Protein chains: 2
Amino acid sequence: MVIELVKEDVFGESSPLGLRETKFFTFDSLHLESGEVLSPVTIAYETYGELNNQKDNAILICHALTGDAHAAGISKETGKLGWWEIMIGPGKPFDTNKYFVICSNVIGGCKGSTGPGSINPNTGKHYGMSFPVVTIRDMVNAQAKLIDHLGIERLFCVAGGSMGGMQVLQWVYSYPERVKTAIPIATTLRHTAQQIAFNEVGRRAIMNDPDWMGGDYYGITFPANGLAVARMIGHITYMSDLSMKEKFGRKLRNKEKFGYDFEAEFEVEQYLKYRGETFVHRFDANSYLYITKAIDYFDLGDNKDLIKKFYNLKTKFLVISYSHDWLYPPYQSREIVKVLKYAWVDVTYCEISSTYGHDAFLIKNQEQEHLVTHFLNNAYSKGE
Amino acid sequence: MVIELVKEDVFGESSPLGLRETKFFTFDSLHLESGEVLSPVTIAYETYGELNNQKDNAILICHALTGDAHAAGISKETGKLGWWEIMIGPGKPFDTNKYFVICSNVIGGCKGSTGPGSINPNTGKHYGMSFPVVTIRDMVNAQAKLIDHLGIERLFCVAGGSMGGMQVLQWVYSYPERVKTAIPIATTLRHTAQQIAFNEVGRRAIMNDPDWMGGDYYGITFPANGLAVARMIGHITYMSDLSMKEKFGRKLRNKEKFGYDFEAEFEVEQYLKYRGETFVHRFDANSYLYITKAIDYFDLGDNKDLIKKFYNLKTKFLVISYSHDWLYPPYQSREIVKVLKYAWVDVTYCEISSTYGHDAFLIKNQEQEHLVTHFLNNAYSKGE
């Protein structure tokens, strides 16, 4: 079997899940929160493990801003490991020996699901900025169609960090009966002014780039400079002051003295430059606009209304935050917990101590593994 | 007298200092830290109050990144109040009835002092990016020439916030005998990786703008989009998560519903847009590059060496930080205090509680006024 033979990704790292291929599911239309209708809609997704006969072992993994459906294993297309390889696989927290794990690319994205870079069937051209604005709720409604398609009535768990965590919360909000357990990580009930502000600056950088051309750049050019700046801003917010100090400090690239010029002299400058430049090869600028906008729109509503909405909800929660995450600080996770507690919902909360910032949930750490493993074990063994 | 007649600025606010005019001092040359020589050098400055006969009542105020020499009174040129009007004037903390207050524009700036927008006498053209890279030390050395020119041997006080605070620290470092008291506010001994990162992204935004034209845009065009993005990033870092929440929250501009488009719909987006757009009318993009670079280079050295350097220094310090300042967080001010304490230097420290972020030192607050007033009173009454 090919899967057995190719266990190493392009960087020489191996995965017990071997080679994985992204699949596609297309359905007729989706009514969006804006009132517009998107049609047709394709969802790119991957699955790991097997759905059992009772169909009660399915876990939906939701990705963050720049993620994709390739959450684990080695991609047949890119040769790279999945973005949550540390968490998904046999014997791992999302244990593919026990659970059927699904990950799908969000609509509005650029990794196989319908987004601004897709062809608009009415015009035969790329949507560009004629693509309708989508919300987290729209993303979740599209995922629900995929879950229907897979014959799953109720998900054993929905889990994700950052924007993935917003989808988790939206799932419970929109489909409370369909989610047995939920793991929102490093996320919030609503986007704050500061969070909107960072996204807006990134969008401005893209839209200011002359190569953006009002979004109609496909096949002609690409707003690489603008998108790189947006990514650089993002990267600063994903790390912490402390982790940047530990990783870069004031280290210079390759000389003992300052160059007294405007090249990237400090290691941190070079790192951001590299991150910006590589990102533009793997992400569509218009998708960056649409997805950040969906995040900015995210607001589950007033806490009082939420408590009513969630009152006596049967879904069990594990809420995780990270101590040095200043983009989605622990106080926002505690607010989720507070709302759930007031609504008499079963919730476990843990703030994991880590010098990494927001990105911490993507980096191997035993505490997160331990918490998720035991939370799932517990809920699964108890059945209904 | 005109000064008596015009006491209101363009916004209808008045100043007891009346109309003020920026003066200019030009000297032959300045040897820069990079090894280059800048020649000639003009320093724009303003003064408030009178130098006494003993010449022991002079206070030098140092401005932050986008400040200028016009610290107080109503500018004859722009009709606007000075940037530290709250702190400078008769009966105010920097009491012009008692003290002779000086504020000068930094070299590399664009408010009258020699900078990249000045004419290079060797070519007859604007310097642009041929302007030499300057450092905080170079800025201070240029100020020292002005202080010489004004016939002042020893400053009673050097004070400033943010980059102004770096100049304060550099003054004490470079000219310990010439500074009787020092007030560094919301500042640091060295720029960290995160601080460098934010500046670098701003610089990239400017340099990516096609209208930047390698810096040679004078009289032709202006990289307004790039500079606006840089300013927007800056503004986010000057406020706090909490102050943005209090000021904007998720408030929309003028409609009840989302527009589902990419206009600035949230108030915070509109605010940043406005701040970005107005900034480009008052600041030169190349100066933004040079001054942020000077800030990034700022590093007074290793703490151990600093303790040796400052050992038994006679300068008295008042160090102030702000609780919600995450750009120059209180821990950086405490580090200044620690170094000074280890060096047996007389230092008073106060962290002022404020929901404003870094900008707090520019906003009227009684605690800062009280602390500065009494610190100066005390030091002044004690004479030597």
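The values are calculated or read from the model by the stated rules, or taken from the named source; none is laboratory data. Here the structure is a predicted model, which is why all the values come from computation and not from measurement. Note that we place each Cβ from the backbone using ideal geometry, even for glycine, and neighbour counts take in every protein chain shown.
Within the range B:88-111, how many residues are assigned to a loop (DSSP other than H, G, I, E, B), within 16 Å of B:GLU21 (Cα to Cα) and aromatic (Phe, Trp, Tyr)?
So the count comes out to 0.
This table checks each residue for (1) in contact with a Gly (Cβ under 7 Å, 6 or more places away or on another chain); (2) within 30 Å of A:PHE258 (Cβ to Cβ).
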{"residue": "B:SER14", "(1), (2)": "no, no"}
{"residue": "B:THR66", "(1), (2)": "no, yes"}
{"residue": "B:GLY82", "(1), (2)": "yes, no"}
{"residue": "B:ILE107", "(1), (2)": "yes, yes"}
{"residue": "B:GLY115", "(1), (2)": "yes, yes"}
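Let's see how each residue does on (1) touching a strand residue (DSSP E or B) at 6+ places or on another chain (Cβ under 7 Å); (2) part of a helix (DSSP H, G or I); (3) among the β-branched types (Val, Ile, Thr):
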{"residue": "A:PHE198", "(1), (2), (3)": "no, yes, no"}
{"residue": "A:GLY202", "(1), (2), (3)": "no, yes, no"}
{"residue": "A:ILE206", "(1), (2), (3)": "no, yes, yes"}
{"residue": "A:TYR217", "(1), (2), (3)": "no, no, no"}
{"residue": "A:PHE222", "(1), (2), (3)": "no, no, no"}
{"residue": "A:ALA228", "(1), (2), (3)": "no, yes, no"}
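From the residues in the range A:258-296 that are over 16 Å from the mean Cα position of the chain (by Cα) and of a type in the set (Phe, Trp, Tyr), which one is nearest to B:LEU289 (Cα to Cα)? Working first, answer last.
The first filter runs over the range A:258-296 and keeps only residues over 16 Å from the mean Cα position of the chain (by Cα), leaving A:258-278, A:280-281, A:285-286.
Remaining after also requiring of a type in the set (Phe, Trp, Tyr): A:258, A:260, A:262, A:266, A:271, A:274.
On the way: A:PHE258: 16, A:TYR260: 12, A:PHE262: 8, A:PHE266: 15, A:TYR271: 19, A:TYR274: 20 Å.
Of everything passing the filter in the range A:258-296, A:PHE262 is nearest to B:LEU289 (Cα to Cα).
Which pairs do you get when a residue that is at positive phi and in the same structural domain as A:TYR238 (by TED's automatic domain parsing), found in the range A:254-273, comes within reach of a residue that is at pLDDT 90 or above and assigned to a loop (DSSP other than H, G, I, E, B), reach meaning Cβ atoms under 9 angstrom, with the pair 6+ apart or on two chains?
Every condition considered, the pairs that remain are A:TYR260/B:LEU32; A:TYR260/B:GLU33; A:TYR260/B:SER34; A:TYR260/B:GLY35; A:TYR260/B:GLU36; A:TYR260/B:PRO132; A:TYR260/B:VAL133; A:TYR260/B:THR135.
Give the residue that is nearest to the other protein chains (Cβ to nearest Cβ), with candidates limited to residues of the range B:200-219 that are over 25 Å from the mean Cα position of the chain (by Cα) and not aliphatic (A, V, I, L, M). Steps first, please.
First, pick out the residues of the range B:200-219 that are over 25 Å from the mean Cα position of the chain (by Cα): B:208-211, B:213-214, B:216-217, B:219.
Then keep just the ones that are not aliphatic (A, V, I, L, M); that gives B:208-211, B:214, B:216-217, B:219.
On the way: B:ASN208: 4, B:ASP209: 7, B:PRO210: 6, B:ASP211: 9, B:GLY214: 11, B:ASP216: 14, B:TYR217: 15, B:GLY219: 21 Å.
Step by step, filter the range B:200-219, then rank; the result is B:ASN208.
With B:THR78, B:THR66 as the choices, which residue is of a type in the set (S, T, N, Q), within 20 Å of the chain's Cα centre (by Cα) and modelled with pLDDT under 95? Give the derivation first.
Details: B:THR66 fails: modelled with pLDDT under 95.
It is B:THR78.
Considering only the range B:75-97, I want to know if a residue exists there that is touching a Phe, Trp or Tyr at 6+ places or on another chain (Cβ under 8 Å) and closer than 23 Å to B:SER118 by Cα.
No, the conditions are met nowhere in the range B:75-97.
Give the residue, chosen from A:MET232, A:MET213, that is closer than 29 Å to B:GLY108 by Cβ and assigned to a helix (DSSP H, G or I). Give the derivation first.
Working: A:MET213 fails: closer than 29 Å to B:GLY108 by Cβ.
Going through A:MET232, A:MET213 in turn, the sole match is A:MET232.
Within the bounds of the range A:274-284, is there any residue that is among the basic types (Lys, Arg) and more than 21 Å from A:ILE233 (Cα to Cα)?
Initial filter on the range A:274-284 (among the basic types (Lys, Arg)): A:275, A:282.
Those still in the list that are more than 21 Å from A:ILE233 (Cα to Cα) too: none.
No: zero hits.
Output the number of residues of the range A:193-225 satisfying the condition of being farther than 22 Å from A:SER118 by Cα and either free of Cβ contacts under 8 Å to residues at least 12 places away in the same chain or hydrophobic (A, V, I, L, M, F, W, C) (or both).
Counting residues in the range A:193-225 that are farther than 22 Å from A:SER118 by Cα and either free of Cβ contacts under 8 Å to residues at least 12 places away in the same chain or hydrophobic (A, V, I, L, M, F, W, C) (or both) gives 8.
All but one of (1) surrounded by 15 or more Cβ atoms within 10 Å (Cβ to Cβ); (2) part of a helix (DSSP H, G or I); (3) among the acidic types (Asp, Glu) hold for B:ASP325, so report the exception by its number.
Every condition holds for B:ASP325 apart from (2).
With respect to the numbered conditions (1) under 18 Å from A:TYR175 (Cβ atoms); (2) touching a strand residue (DSSP E or B) at 6+ places or on another chain (Cβ under 7 Å); (3) not in a strand (DSSP E or B), which one is the sole condition not fulfilled by A:ARG137?
Every listed condition holds for A:ARG137 apart from (2).
Might you check whether a residue that is assigned by TED's automatic domain parsing to the domain that holds A:LYS55 and closer than 21 Å to A:GLU85 by Cα occurs anywhere in the range A:327-340? If you could, list the steps in order and put the result at the bottom.
Quick first cut of the range A:327-340, residues assigned by TED's automatic domain parsing to the domain that holds A:LYS55 only: A:327-340.
Subset that is closer than 21 Å to A:GLU85 by Cα: none.
Checking the range A:327-340: not a single residue is assigned by TED's automatic domain parsing to the domain that holds A:LYS55 and closer than 21 Å to A:GLU85 by Cα.
Yes or no: B:TYR342 of a type in the set (Ser, Thr, Tyr), surrounded by fewer than 21 Cβ atoms within 10 Å (Cβ to Cβ) and either more than 14 Å from chain A (Cβ to nearest Cβ) or over 30 Å from A:TYR260 (Cα atoms) (or both)? Don't jump to the end; show me each part of the working.
Working: of a type in the set (Ser, Thr, Tyr): yes; surrounded by fewer than 21 Cβ atoms within 10 Å (Cβ to Cβ): yes; either more than 14 Å from chain A (Cβ to nearest Cβ) or over 30 Å from A:TYR260 (Cα atoms) (or both): yes.
In short, yes.
Being at pLDDT 95 or above, in the same structural domain as B:ASP138 (by TED's automatic domain parsing), farther than 21 Å from B:LEU150 by Cα and not acidic (Asp, Glu) narrows it down to one of B:LEU51, B:LEU17, B:LEU32, so name that one.
Working: B:LEU51 fails: farther than 21 Å from B:LEU150 by Cα; B:LEU17 fails: farther than 21 Å from B:LEU150 by Cα.
On inspection, the qualifying residue turns out to be B:LEU32.
Do you know which of the residues in the range A:173-196 that are out of contact with any strand residue (DSSP E or B) (no Cβ under 9 Å at 6 or more places or on another chain) and more than 11 Å from chain B (Cβ to nearest Cβ) is surrounded by the fewest Cβ atoms within 10 Å (Cβ to Cβ)? Outline the logic, then answer.
Step one: of the range A:173-196, the residues out of contact with any strand residue (DSSP E or B) (no Cβ under 9 Å at 6 or more places or on another chain) are A:173-174, A:176-177, A:188, A:192, A:194-195.
Adding the requirement that they be more than 11 Å from chain B (Cβ to nearest Cβ) leaves A:173-174, A:176-177, A:188.
Details: A:TYR173: 19, A:SER174: 15, A:PRO176: 14, A:GLU177: 11, A:THR188: 25.
Looking at residues that are out of contact with any strand residue (DSSP E or B) (no Cβ under 9 Å at 6 or more places or on another chain) and more than 11 Å from chain B (Cβ to nearest Cβ), I get A:GLU177.
Among the residues of the range B:117-126, is any under 30 Å from B:PRO16 (Cβ atoms) and part of a loop (DSSP other than H, G, I, E, B)?
Within the range B:117-126, the first condition is being under 30 Å from B:PRO16 (Cβ atoms), and the residues that meet it are none.
No: the range B:117-126 contains no residue that is under 30 Å from B:PRO16 (Cβ atoms) and part of a loop (DSSP other than H, G, I, E, B).
If you scan the range B:152-168, which residues turn out to be under 13 Å from B:ILE320 (Cβ atoms) and part of a helix (DSSP H, G or I)? Steps first, please.
Step one: filter the range B:152-168 for residues under 13 Å from B:ILE320 (Cβ atoms), giving B:159-162, B:164-165, B:168.
Within the range B:152-168, B:GLY164, B:GLY165, B:VAL168 meet the criteria.
To keep it simple, each residue is scored yes or no on (1) in a loop (DSSP other than H, G, I, E, B); (2) in the same structural domain as A:GLY234 (by TED's automatic domain parsing); (3) hydroxyl-bearing (Ser, Thr, Tyr).
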{"residue": "A:PHE24", "(1), (2), (3)": "no, no, no"}
{"residue": "A:THR66", "(1), (2), (3)": "yes, no, yes"}
{"residue": "A:ILE86", "(1), (2), (3)": "yes, no, no"}
{"residue": "A:SER113", "(1), (2), (3)": "yes, no, yes"}
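From A:LYS247, A:LYS308, A:LYS251, A:LYS293, grab the single residue that is more than 10 Å from every other protein chain (Cβ to nearest Cβ) and not aromatic (Phe, Trp, Tyr). Spell out how you get there, then give the answer.
Working: A:LYS247 fails: more than 10 Å from every other protein chain (Cβ to nearest Cβ); A:LYS251 fails: more than 10 Å from every other protein chain (Cβ to nearest Cβ); A:LYS293 fails: more than 10 Å from every other protein chain (Cβ to nearest Cβ).
Going through A:LYS247, A:LYS308, A:LYS251, A:LYS293 in turn, the sole match is A:LYS308.
Under the condition of being more than 9 Å from chain A (Cβ to nearest Cβ) and touching a helix residue (DSSP H, G or I) at 6+ places or on another chain (Cβ under 8 Å), which residue from the range B:264-277 is nearest to B:PHE222 (Cα to Cα)?
B:GLU277
Given the conditions (1) assigned by TED's automatic domain parsing to the domain that holds A:LEU371; (2) of a type in the set (Ser, Thr, Tyr); (3) in contact (Cβ under 8 Å) with a residue 24 or more places away in the chain, which single one is not true for A:THR123?
Failing condition for A:THR123: (3).
Looking at (1) within 12 Å of chain A (Cβ to nearest Cβ); (2) not in a helix (DSSP H, G or I), find the lone condition where B:ARG282 falls short.
Going through (1) within 12 Å of chain A (Cβ to nearest Cβ); (2) not in a helix (DSSP H, G or I) one by one, B:ARG282 breaks only (1).
Looking only at the range A:220-244, which residues are facing another protein chain (nearest Cβ under 8 Å) and aliphatic (A, V, I, L, M)?
Hits for the range A:220-244 are A:ALA228, A:VAL229, A:MET232, A:ILE233, A:ILE236, A:MET239, A:MET244.
Part of a helix (DSSP H, G or I) and either at pLDDT 95 or above or not assigned by TED's automatic domain parsing to the domain that holds A:SER353 (or both): does that describe A:ALA182? Can you show your working first?
Details: part of a helix (DSSP H, G or I): no; either at pLDDT 95 or above or not assigned by TED's automatic domain parsing to the domain that holds A:SER353 (or both): yes.
In short, no.
Here's a check for you: in the range B:297-318, which residue that is closer than 14 Å to B:GLN170 by Cα and crowded, with 20+ Cβ neighbours inside 10 Å is nearest to the chain's Cα centre (by Cα)?
Top of the filtered list is B:PHE298.
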